[in-house]
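The values are calculated or read from the model by the stated rules, or taken from the named source; none is laboratory data. Given the structure is predicted, the values throughout are model-derived calculations rather than measurements. FYI the Cβ positions are ideal-geometry reconstructions off the backbone, even for glycines, and counts take in every protein chain you see.
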Amino acid sequence: MREKFARWMSGRYGNDHLNSTLVWTALILLILNIFVNNSVLTLLAYVAWGFSIYRMFSRKIYQRNNENQWFLAKTKKIRHQFSAISKGTKDKNSRYFICPQCAQIVRVPKGRGKIEITCPSCHTHFDRKS
């Protein structure tokens, strides 16, 4: 059965970041709809879910890839900030900051008070509390 599905999916686009975001958006809208009970939320959730399925099974790989690249370019800043937050929650001895000039993630030891940080890539100085 797995081989049949793999053969059927060959030449189709599959899953990517935009599809994952659409599915999570649909799921959040459906959960929110439980509390609000609004038919517009249900419709938006089904549209997001349907568009995700359409993209997943599409044979227009070049167009779907362009859509995903556009999405990744538009969400780059927020994904970068979440990456810094994620690193900060895993590392208990360091704090992570984003350089205001070049958006480089800079690691600084925790518990040093207010310090001046120098970005290793663009050498910009900025003050933060560690």
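Could you go through segment 81-94 and let me know if any residue there is touching a helix residue (DSSP H, G or I) at 6+ places or on another chain (Cβ under 7 Å), surrounded by 14 or more Cβ atoms within 10 Å (Cβ to Cβ) and among the small types (G, A, S).
Step one: filter segment 81-94 for residues touching a helix residue (DSSP H, G or I) at 6+ places or on another chain (Cβ under 7 Å), giving none.
Checking segment 81-94: not a single residue is touching a helix residue (DSSP H, G or I) at 6+ places or on another chain (Cβ under 7 Å), surrounded by 14 or more Cβ atoms within 10 Å (Cβ to Cβ) and among the small types (G, A, S).
Between residues in segment 1-26 that are more than 22 Å from F51 (Cβ to Cβ) and modelled with pLDDT of 90 or more and residues that are surrounded by 12 or more Cβ atoms within 10 Å (Cβ to Cβ) and among the hydrophobic types (A, V, I, L, M, F, W, C), which pairs lie under 8 Å by C-beta distance while being six or more apart or on different chains?
Pairs found: none.
So is K60 out of contact with any Cys (no Cβ under 6 Å at 6 or more places or on another chain) and surrounded by fewer than 12 Cβ atoms within 10 Å (Cβ to Cβ) or not?
no
Assuming N33 fulfils every condition listed in (1) surrounded by fewer than 14 Cβ atoms within 10 Å (Cβ to Cβ); (2) touching a Leu at 6+ places or on another chain (Cβ under 6 Å); (3) of a type in the set (S, T, N, Q) apart from one, which condition is it?
(1)
Having 1 or more residues that are hydrophobic (A, V, I, L, M, F, W, C) and touching an Asp or Glu at 6+ places or on another chain (Cβ under 7 Å) is the bar; report the helices (runs of 4 or more DSSP H) wholly within segment 1-90 that clear it.
17-36
Scan segment 103-120 for residues that are part of a loop (DSSP other than H, G, I, E, B) and either under 17 Å from the mean Cα position of the chain (by Cα) or exposed (fewer than 13 other Cβ atoms within 10 Å of the Cβ) (or both) and jot them down.
Once the filter is applied, which keeps residues that are part of a loop (DSSP other than H, G, I, E, B) and either under 17 Å from the mean Cα position of the chain (by Cα) or exposed (fewer than 13 other Cβ atoms within 10 Å of the Cβ) (or both), segment 103-120 yields A103, K110, G111, R112, G113, P120.
State all residues of segment 1-20 that are within 14 Å of F71 (Cβ to Cβ) and out of contact with any helix residue (DSSP H, G or I) (no Cβ under 7 Å at 6 or more places or on another chain); if no residue qualifies, say none.
S20
R55 - would you say it is surrounded by 13 or more Cβ atoms within 10 Å (Cβ to Cβ), under 15 Å from S20 (Cβ atoms) and either of a type outside the set (D, E) or not assigned by TED's automatic domain parsing to the domain that holds A6 (or both)?
It is true that R55 is surrounded by 13 or more Cβ atoms within 10 Å (Cβ to Cβ), under 15 Å from S20 (Cβ atoms) and either of a type outside the set (D, E) or not assigned by TED's automatic domain parsing to the domain that holds A6 (or both).
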